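Asks: Here you go, one structure.
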Amino acid sequence: MIGFRNASKSRTGSRVRRLAGAALVLPLTAAALVTGGAGTSAASPGNGPTAVVSLGDSYISGEAGRWKGNSLTNAGSRNGTDRAWISGSSYDPSKVYGATAGGCHRSDSAEVRSAGPIADVAVNLACSGAVSDNVFRASNGGVPFKGEAPQADQLAGVAASHDVKVIVLSIGGNDLGFADIIQECAYDFVLWGSYCHDDQQEGVDRKMDGVMAKVGKSVDEIRAVMRGAGYADSSYRVVLQSYPSPIPRGAENRYPQSDWSRLNTGGCPFWNRDSDWARDALVPQIADRLGAVAAAKGVQFLDLRDMMQGREVCAKASRLVTSTSAASARTSEWARWIDSSETQGLIQESMHPNHFGQLAVGRCLALAAARPATARDSCRNTAGGDQGGMYLTPAP
């Protein structure tokens, strides 16, 4: 069985310990350096191979890119959902994450990789679990993470050897404790029979101003690095993006909350009221505040709050992959479900855009790159479509 889906109504002490041991740790990922065959000779602004660079956390590094939808089948290819499958019961996550498997989780379908030819080279510096302090330069309070230098310091090297045209940033979710929020809301469904939104909202409100100040500093750090490398602010663009909701509203969940199907089948153990809060209050609140930071810093904003509408885990408009329902960007879920017992991959992949979701976000970035460098756009999907159906509308 998959993660929480092996829980029973008895909620025994051993179950609690098992769940706590798994800890539902869902670190937001940031990505490592991935180049597309570029040379390493020195370049200056306007010279050398052009580059698009991603900085930040797991929602841009490529976490969960291993999975093409969700399937209850644990054997073999898991009905074609497991891109790390080799044969029999053999799996190699490095097929998807390369040398960052089990760490930063920079997948081959991460946003900057799947955006298409917006630059000669795609460079992924984001890393799963990163916070704002991991973006800042070491000389200005930056902290190394998972054996790598702060991301702004890595950006300096890229800026010296490439002609950087686009820098896309996803940060702030881990600073707010987004993974902890998911964990507590799931615990309240599985163990305690209570709601999480009231307590969690208080914590978010308490942290929000400080977190947004750090997001703003992250943008300042990017500007400082690029100016130090000789770039004019107008010679490249910074795209600050928000986060999509991985779960649907309660009324849009295909499983009732009155039994254990959300836990044992769907991998979305959340009450309707908590789901509604996450979808219609928390995710928009974060997006609105990130949009305000983008406006204050004069950078582009890409709003992803509605990007997975109808494609979330357990959404009525999507379905699980089975032996008779193949994995498809048109019908499968675009986010990874919660797999707390890690029978399929690592728990850190849970609640992130999967392979299909990453292809869709990549298309969003490609569309945004064709817009003015200070645009404010929201990216949405076309019901029943694949990543080719993504489109932009004015951000709220």
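Asks: Could you check residue 202 against (1) open to solvent by 10 Å² or more (accessible area, probe 1.4 Å); (2) in contact (Cβ under 8 Å) with a residue 12 or more places away in the chain and say which number it fails?
Replies: (2)
Asks: So, one more: If you check every pair at least six apart or on different chains, which have Cβ atoms under 6 Å apart with a residue in segment 306-325 that is in contact (Cβ under 8 Å) with a residue 60 or more places away in the chain and within 21 Å of residue 396 (Cα to Cα) first and a residue that is open to solvent by 10 Å² or more (accessible area, probe 1.4 Å) and in a strand (DSSP E or B) second?
Replies: Partner pairs satisfying both residue conditions: 306/380.
Asks: Ok, one more. Scan segment 144-153 for residues that are surrounded by fewer than 21 Cβ atoms within 10 Å (Cβ to Cβ) and assigned to a helix (DSSP H, G or I) and jot them down. Give the steps one after another, and end with the answer.
Replies: Of segment 144-153, the ones surrounded by fewer than 21 Cβ atoms within 10 Å (Cβ to Cβ) are 144-149, 153.
If the condition is that a residue be surrounded by fewer than 21 Cβ atoms within 10 Å (Cβ to Cβ) and assigned to a helix (DSSP H, G or I), then 153 is the only one that fits.
Asks: From 258, 194, 234, grab the single residue that is out of contact with any helix residue (DSSP H, G or I) (no Cβ under 9 Å at 6 or more places or on another chain), open to solvent by 20 Å² or more (accessible area, probe 1.4 Å) and not in a helix (DSSP H, G or I). Steps first, please.
Replies: Numbers: 194 fails: out of contact with any helix residue (DSSP H, G or I) (no Cβ under 9 Å at 6 or more places or on another chain); 234 fails: not in a helix (DSSP H, G or I).
Criteria check complete, one pass: 258.
Asks: If we scan segment 107-115, do we find a residue that is out of contact with any strand residue (DSSP E or B) (no Cβ under 8 Å at 6 or more places or on another chain), in contact (Cβ under 8 Å) with a residue 24 or more places away in the chain and among the charged types (D, E, K, R)? I'd like the intermediate steps shown before the answer.
Replies: Initial filter on segment 107-115 (out of contact with any strand residue (DSSP E or B) (no Cβ under 8 Å at 6 or more places or on another chain)): 107-109, 114.
From what's left, in contact (Cβ under 8 Å) with a residue 24 or more places away in the chain: 107-109, 114.
From what is left, the residues that are among the charged types (D, E, K, R) are 108.
Yes, some residue in segment 107-115 is out of contact with any strand residue (DSSP E or B) (no Cβ under 8 Å at 6 or more places or on another chain), in contact (Cβ under 8 Å) with a residue 24 or more places away in the chain and among the charged types (D, E, K, R).
Asks: OK, next. Would you be able to say whether some residue in segment 166-187 is farther than 25 Å from residue 350 by Cβ, open to solvent by less than 40 Å² (accessible area, probe 1.4 Å) and of a type in the set (A, V, I, L, M, F, W, C)?
Replies: Going residue by residue through segment 166-187, those that are farther than 25 Å from residue 350 by Cβ are 166-167.
Applying the additional criterion that residues be open to solvent by less than 40 Å² (accessible area, probe 1.4 Å) yields 166-167.
Those left that are additionally of a type in the set (A, V, I, L, M, F, W, C): 166-167.
The answer is yes; a qualifying residue exists.
Let's see how each residue does on (1) open to solvent by 10 Å² or more (accessible area, probe 1.4 Å); (2) in contact with a helix residue (DSSP H, G or I) (Cβ under 7 Å, 6 or more places away or on another chain):
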residue	(1), (2)
80	yes, no
121	no, no
124	no, yes
128	no, yes
131	yes, yes
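Asks: Cβ-Cβ distance below 8 Å, separation of 6 or more or different chains: which pairs start in segment 120-135 with a residue that is at positive phi and end on one that is at pLDDT 95 or above and surrounded by fewer than 24 Cβ atoms within 10 Å (Cβ to Cβ)?
Replies: 129/145; 129/146
Asks: Could you go through segment 82-90 and let me know if any residue there is touching a Leu at 6+ places or on another chain (Cβ under 9 Å) and surrounded by fewer than 22 Cβ atoms within 10 Å (Cβ to Cβ). Let's see the steps before the verdict.
Replies: Kept after step one, since they are touching a Leu at 6+ places or on another chain (Cβ under 9 Å), are these residues of segment 82-90: none.
No; the residues of segment 82-90 include none that is touching a Leu at 6+ places or on another chain (Cβ under 9 Å) and surrounded by fewer than 22 Cβ atoms within 10 Å (Cβ to Cβ).
The values are calculated or read from the model by the stated rules, or taken from the named source; none is laboratory data. As the structure is a computational prediction, the values presented were derived from the model and not from experiment. Every residue, glycine as well, gets a Cβ built from its backbone with ideal geometry; the counts of neighbours run over all protein chains shown. Heads up: the accessible areas ignore ligands, DNA and RNA and are worked out on the full protein's heavy atoms, side chains in. Shrake-Rupley method; radii C 1.70, N 1.55, O 1.52, S 1.80 Å.
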